[in-house]
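In what follows, a structure is listed as C-alpha cells, so that the remarks can point back to it.
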Amino acid sequence: MLLNLMRLKLQQRRIMAKLNQSGNFHPHPDVVPDIPHPCETLCVIGQTEAENEFLKAFNFERLHHAWILAGLKGIGKATLAYRIARFLLVTPTSLTTNIFSEKNLISTLNIDPNNLVFGRILAGSEPGLKVIKRSATDTGTLSNVIRVDDIRKLHSFFGLKSANDEHRIVIIDSADEMNSEAANALLKLLEEPPLGAVLLLISHQPSRLLPTIRSRCRTLNCKQLSATDMIKALEQTGAKSIDLTSAQALVELSSGSVGTAFRLLNNNGLTLYADLINLLCTLPKFLPNDALALAKTVTGSKNNERIDLLFFIIDFVLTRLARYGAMGTTATDAAPNEIEILRGLAPDTRAARIWANTALSVNARARRGLQVNLDPSTLVLDAIFSIVQSAKQINQKPFVSTIN
C-alpha cells in the first residue's frame, strides 16, 4: 500500500511538471509555492469530524446537492473538497442501499490510490469534476473575483455525460470571491440543481455569502488545526521536523493555516517574531540599533518573501495587541514572554483603539511604500517608529476633566 502511494505521488509530480511546462495547468493563485496542490494531497489532517458528517449523509442517503466547506483559510478545506470529489466519483451510492446493514456503511473517504481518477483530476481531464476559480481576464491578468461567465460554464458541464453516471461534482474555490452577478447565477443553479449534481463551496468567510445561498447548502465546519495536527500537516508537505512548542507557536502565528505556517517555517518566521517581541519589550523606549538590526533582515533583492512576511508579522502583533486590550485575553505565547508583554502594552480598551489605528496606519503606509518601490528597510523603520509613538501615547495618563 505504501509503495503504491509513493509511486502515485511520483507519477503526480511528473504530470504536474509536464502541465506546468505546457502552460495548460493553472494552479490556484493562493497556493503556496513548494506545497502540494490540494488536488495532489491524498489525505487531510485534522478534519475528521467534517469527513464523518459527510459520510453519515452519504451512508443514509441524505446526500445534499450543495455543501459549504467553512473555516479559516489554509486549514485543509480545498483538500477535503478534492477528497470528497474523488470519493463520489468512484463510489456508487448503491453500496449503501440497505441503511439497516452496518456492513454496507462506508467509514472513510479513502479510495484505491491506483484509481485513474487521481491522474485525471491532476491533468484536469476528469469529466465528472469541474473546478471554478478566478480566471484570466482579456488582458491575461488574473481576475480579482469569480465572474458570472465562470459560473455559466457549469451549464455546458452539466450538459455533458461523465464517466460516472451518478455524480457530477463542482468545486468553487473560493465562493467568497464571487461577485454579485456570479452569486446570483449560482443561486439559480442551487434552486434547480441538475440530477446528480454535488456542489462544494469552499468559504473562508461564510457570512459574506448570500443568505439565500447559505440556506440552500449544508455546512461542513472545518476546525483550526491543533499543534499536533500542524506537525502532521507540515510533515505531509515535506517540511522539516518541528517540536510541539514550535508547532504551537506556528498555530498561533498562522491561525492554523498550513500554507502560512510553511512560509513562516521556511523563512525563520518564529525567530523573526521573537525578535519583534523583544523589541516591543523595550517600549516606549526606542533602541536604534535593535530597530536597524530588524530592518536589515529584509534588505536585498532576494528578500521579497521575507519583506512580506515581516509586515505580516508586524500586522499580526498589532492586531494581537488590539485584541488583548479589548478582550483582556489571548491564546498562548507565540514567543517567549509574549503574553506578559502584551499585557503591559495593552492594559485597556483605550490602548486597544490606539493599536487598532496603528495597525491600519502601518499597513497603509507599507502598502503604498512597496507599490512605489521605497527601500523596504526604511519602511520597516517607519513602522517601528509608529509603534514607538503609539506606546508613548498609551504610556501617558489620559486627560481627566476637573470641571464640575
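The values are calculated or read from the model by the stated rules, or taken from the named source; none is laboratory data. Values in this document were obtained by computation on a predicted structure and should not be read as measured data. Reconstructed Cβ throughout: ideal geometry from the backbone, glycine too, with neighbour counts over all protein chains shown. Remember, those area values only see protein heavy atoms, side chains included, never the ligands or the DNA or RNA. Shrake-Rupley method; radii C 1.70, N 1.55, O 1.52, S 1.80 Å.
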Next on the checklist: Quick check on my filter: what residues within segment 332-348 are closer than 18 Å to Lys392 by Cα, open to solvent by 10 Å² or more (accessible area, probe 1.4 Å) and part of a loop (DSSP other than H, G, I, E, B)?
Outcome noted: Pro347, Asp348
Item to check | Count - residues of segment 103-121 that are assigned to a helix (DSSP H, G or I) and either open to solvent by 50 Å² or more (accessible area, probe 1.4 Å) or under 22 Å from Glu51 (Cα atoms) (or both) | outcome: 7
Checklist entry - Counting only residues that are among the hydroxyl-bearing types (Ser, Thr, Tyr) and open to solvent by less than 40 Å² (accessible area, probe 1.4 Å), how many does segment 298-325 have? => result 1
Checklist entry - When the residues of segment 126-141 are filtered to those that are assigned to a strand (DSSP E or B) and not basic (Lys, Arg), which remaining residue is modelled with the lowest pLDDT? => result Ala136
Checklist entry - Taking the condition modelled with pLDDT of 90 or more and of a type outside the set (D, E, K, R), does Ile35 pass? => result no
Checklist entry - Can Lys188 be described as open to solvent by 10 Å² or more (accessible area, probe 1.4 Å), in a loop (DSSP other than H, G, I, E, B) and not hydroxyl-bearing (Ser, Thr, Tyr)? => result no
Checklist entry - Quick one: is Ala274 small (Gly, Ala, Ser), in a helix (DSSP H, G or I), open to solvent by 20 Å² or more (accessible area, probe 1.4 Å) and farther than 12 Å from Ile387 by Cβ? => result yes
Next on the checklist: Would you confirm, using the coordinates I've provided, whether Ala352 is surrounded by 13 or more Cβ atoms within 10 Å (Cβ to Cβ) and out of contact with any Pro (no Cβ under 8 Å at 6 or more places or on another chain)?
Outcome noted: yes
Checklist entry - Is at least one residue of segment 41-49 at pLDDT 90 or above, out of contact with any Lys or Arg (no Cβ under 8 Å at 6 or more places or on another chain) and open to solvent by 40 Å² or more (accessible area, probe 1.4 Å)? => result yes
Item to check | Residue identified as over 24 Å from Lys77 (Cβ atoms), open to solvent by 20 Å² or more (accessible area, probe 1.4 Å) and in contact (Cβ under 8 Å) with a residue 24 or more places away in the chain among Arg134, Arg152, Arg147 | outcome: Arg152
